[in-house]
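This report refers to the structure that appears directly beneath it.
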Amino acid sequence: MRYYFISDVHLGFGTRAEDRAREARLVTLLDRILAEAVVGEALGLFIVGDLFDSWFEFASVIPRRHVRTISGLARIAEVIPVEYLMGNHDFGHRDYFEKELSIPLHREDIQRELLGKRFYISHGDGKAANDTGYLFLRKILRSPIAQAAYKIIHPDVGIPFADWVSGRSRLHTDARNALKKYDGLRQFAEKILQSGSADYVVMGHKHDPAIIEIPSGTYINLGDWLRSYTYGVFDETGFRIEKAL
């Protein structure tokens, strides 16, 4: 019996051919999870942010691409729980995943008990100590007023605009990574583990797969699907990172 974790797939990034290849690898994994779920081997799936490179939905419109991924997730959610944590790129969710796919959408970190172990799960954006400016911007972009104003725009304009915002977010993230400022994710994880409130802290955002053991628990970064194509698996033997085929 096992749980799956994916993060930072960034569907929609790059050329259409690159994106289709990325989605094909993801759909292969989703098909595997569904097959395991049907026989009781897979118990749950966590999407730990940035499944899409950008996402913004309107009252009756969603982005047209990646229907195979959406269909795959819907089929899995009919058998086992699927939970979705919003990332810094796919912040424009409304209620489509919850109402149409029965997949809960979380705008904040979550805590779960899985196979007797306590998990703290977070995308990871805003966790660095000097991310005050980003946190302020995130609060504005996710505010009901900004979301309502955005929905007035026609989707043919609004969705490309969301792509532009995503690109600006990537420039910000890449610049901070170049300066090695993302040690704050590990520091945040260590504080959670040292508090005794969790056995595992699972995050994404940094795009560097890692499993780091400290005396009080384990910090995991799931990596991404732009370079590493990695995802997490947790079962009775522990947590491991695997590479998508």
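We did not get these values from a lab; they are worked out from the coordinates using the rules stated. Remember, it's a predicted structure, so these values are computed and weren't measured experimentally. With ideal geometry, Cβ positions are generated from the backbone for all residues, glycine too; neighbour counts draw on all protein chains shown.
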Gain in span if fully extended, Asp109 to Ala17, counting 0.36 nm per residue against the direct Cα distance: 29.8 nm
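At a Förster radius of 51 Å, what calculated FRET efficiency corresponds to the Cβ-Cβ distance of Arg25 and Gln194, to the nearest 0.05?
Once the sixth-power term is evaluated, E becomes 0.90.
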By how many nm would the segment from Asp95 to Val38 lengthen if fully extended, with 0.36 nm per residue of separation less the alpha-carbon distance? 17.9 nm
